[in-house]
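Structure first, commentary second.
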Amino acid sequence: MRLILIAISCIFIFACQNVSEKEIRIPGSYKALDFFTYSRAYPAKDIPNQGYAQAFKTHKSLIESSTYKNVNHWTAMGPFNTAGRVLTIGINPEDANTIYAGTASGGIWRSRDLGQGRSWERIETGFPVLGVSTIAFPERDSTVMMIGTGEVYNIEVTGNDGAYRSTRGSYGAGILKSTDGGASWEQSLDWSYNQREGIWMIKFDPTNPDVVFAATTEGVLKSTDQGENWSNVFENQMVTDVEINPDNPNEIVASCGNFSSPGEGIYYTEDGGETWDASTGMPDFNGKILMARSASEPNILYASVGNGFWFDDGYTWLLKSIDGGKNFTTVNETDYSKWQGWFSHDISVHPTNPDEVVAVGIEVYKSNDGGITLTRQNEDSGVQLGFPPVDEPDGPPEYVHSDNHFVMHHPEIEGLILIGSDGGVFLSFDGAETFQSANGGLQCTQFYNGFSVSQTNPDFALGGLQDNSTSIFWGGDAWQRAVGGDGSWTAINKDNNSTLYASSQNLNIQRSTNGANNFQNIRPQLGMVVEVEEDVFEWVETDYSLFIAPYVLSDSDPNIIYAAARKIYKSEQGGDNWEEMNNGNMLNGDPIYALDVCYTDENVVYAATAPEST
């Protein structure tokens, strides 16, 4: 029967993986963030300044006027044992066991038991907030708290090559403030009119709770009335951190930069932000900077400076200042941030020992001599597969999930270190010698496209997770983890639940015929063997898939599978053999981001393409 391919001009846009990108190997974290941006920006190349917050307000008003406004039609089903990206952690200043997690896509969460067991609960703000990048309290006051929103790594029209466009993980709405411990919230800084911007750090003056500083993509903002009004005291772009001297709060240090943004470097002021000067000792870098000030010796500051974006250009500098941030020296060049220098690394100093430092990036490192030597502390950073328990650690004591965004020493509990990573919250109770996850009930993982539900069993479903494998629901709270990497599209044979499909990035399709006990790779071949010179043959990929590439099973015949890169591939044996459709030609040369098959005719296929990025 004749196969009908229907190409649809896609209403979304996604950065394709062209030949040059493949050769230089752009990290998956960047592609994952681009997916969020481009799928909401089309037909533009960036999300608009306004729109998301206004739509939320409209939706909220419609719900409030509806007769169904008090009916909750949804119940959280997990996964309760797998957490996603955590950007920041806060500690209640009046209760050492109460901690808060700011997540990339799940808002803000609270645990009253250091994340142990199943103690996480989501805090509703009443605002359209997904990404929470910073959490701040005044000294010794847990009733007042501020959170910064938006996950933005690159400002508009900066960067180069693959990093040219703005990159963000979620919209920003500015700064939210609560005066009742998180029970209710109001906007302290309303950035709903500029949702492309983000807040990276908020710090209260330790001597005056009315004075607050915020590191933002627009500069250093200052409030002298606890957030009622804000002024920009340092109009530099991409400010990622701010540190206040507790002995002299007029002395402030700010770090700036990422993707070659203007004015990158570290700056200091001695007059509360009236005037700023550049610190000395900065390397030539292209990533972001995070800082840590010693609580016991405030003139000692450390700075974690990243550089990497491509897989082969990683570089990290650990800087130290002994004069309050005016001058820095490089004390270590161990590359702990690697290719994530733009994305995930941080530094923390022991509360009473200024020489004890913990640095995080891809892995966790520790120094006992002021940063001169760094020793890797965790031996395992890969996703732990299987059925991790909900209320216990999901890996051995040497395990910390990779891509660590945040680290801090607990100011009151000796030896306790808290880490925020792409795999949630991790703790060390012995000064970064051993570790344990603390994610029971922390539902902040990010599902990609291609979630599947069994047509015969409502307690069987699966979907792909950003940097957290494929997660399989079997009816309980503890979902199964299978097929590592960035989980991608999934599928279930409608006639046989034991046959299911999972995948990871770049169309790496895996099939299980025994209910996910094991999987077999069935990826279609996206190229051919060619003779590159006389009697010398090499495999050459002539087709390139998206990072998260689609495939679907036919409803009328579930042994038929279609998969897509720029070409469409078909298997009639459940993935054992593949053939190119459309006479081996691409549809329109653009990558294909979505597929569907007519439920009555397996020969009618719909394909949605996305234009090439330029």
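The values are calculated or read from the model by the stated rules, or taken from the named source; none is laboratory data. All figures in this text were calculated on a predicted structure; none of them were measured in a lab. Glycine gets a Cβ as well: all are built from the backbone with ideal geometry, and neighbour counts include every protein chain shown. With ligands, DNA and RNA removed, areas are computed over all heavy atoms of the protein, side chains included. Shrake-Rupley method; radii C 1.70, N 1.55, O 1.52, S 1.80 Å.
Things worth noting here:
- Relative to the longest principal axis of the Cα atoms of the chain, the long axis of helix 28-41 lies at roughly 80 degrees.
- Magnitude of the charge dipole for the chain, about its Cα centre and with charges confined to Cβ atoms of Lys, Arg (+1) and Asp, Glu (-1), is about 1660 debye.
- Classified by the C-alpha gyration tensor, region 330-426 has an oblate form. Its axis ratio a/c, with a ≥ b ≥ c, is 1.5 or above, and a/b does not exceed b/c.
- Ranked packing of 527-536, 599-608, most packed first, by mean Cβ within 10 Å: 599-608, 527-536
- Subtracting the Cα-Cα distance of residue 143 and residue 50 from their residue separation scaled by 0.36 nm leaves 30.4 nm.
- Here's the picture: charge each Lys and Arg Cβ at +1 and each Asp and Glu Cβ at -1 in the chain, and of 215, 439, 375 the one pushed furthest to the positive end of that dipole is 439.
- Restricting region 250-281 to GluC sites (Glu not before Pro) that sit in a DSSP loop and have at most 12 other Cβ atoms within 10 Å of their own Cβ leaves 274.
- Phi-derived couplings, Karplus 6.51 cos²θ - 1.76 cosθ + 1.60 at θ = phi - 60°, listed residue by residue for region 401-414: 4, 5, 6, 8, 9, 8, 8, 8, 7, 5, x, 10, 9, 4 Hz, with x used for Gly and Pro.
- For region 421-561, the Cβ-based charge dipole about the Cα centre amounts to some 760 debye (Lys, Arg positive; Asp, Glu negative; other atoms uncharged).
- Carbon + sulfur, % of accessible area of the chain - ligands and nucleic acids excluded, 1.4 Å: 46 percent
- Working note: Karplus 6.51/-1.76/1.60 with θ = phi - 60° gives region 567-579 the couplings 9, 10, 10, 10, 10, 9, 10, x, x, 6, 9, 10, 9 Hz, where Gly and Pro are set to x.
- Comparing 146, 581, 283 along the charge dipole axis of the chain, the residue lying farthest to the positive side is 581, per the Cβ-charge model.
- At a probe radius of 1.4 angstrom, the accessible area of the chain per residue rounds to 38 square angstrom.
- Against the chain, whose longest principal axis comes from its Cα atoms, helix 52-65 is set at around 80 degrees.
- For residue 234, the amide hydrogen comes within under 5 Å of the amide hydrogens of 220, counting only partners 5 or more places away or on other chains and with H modelled in the peptide plane.
- Long-range HN-HN contacts of residue 80 with modeled amide H, under 5 Å: 479
- Translational diffusion of region 240-352, estimated by Stokes-Einstein from the Kirkwood radius over alpha carbon pairs at 10 °C in a medium of 1.306 mPa s, is 114 µm² per second.
- Principal axes of region 164-239: Cα extent on each, largest first, Å: 41, 28, 18
- In the chain, the DSSP-assigned H stretches of four residues or longer account for a calculated mean residue ellipticity at 222 nm of -1500 deg cm²/dmol, using -39500 (n - 2.57) per stretch and the full residue count as denominator.
- For region 372-388, Karplus couplings with θ = phi - 60° (6.51, -1.76, 1.60), whole Hz, Gly/Pro x: 5, 10, 10, 10, 5, 9, 9, 9, 9, 10, x, 4, 7, 7, x, 10, x
- Unit charges at the beta carbon, dipole of the chain: most positive-side option, 105, 87, 155: 105
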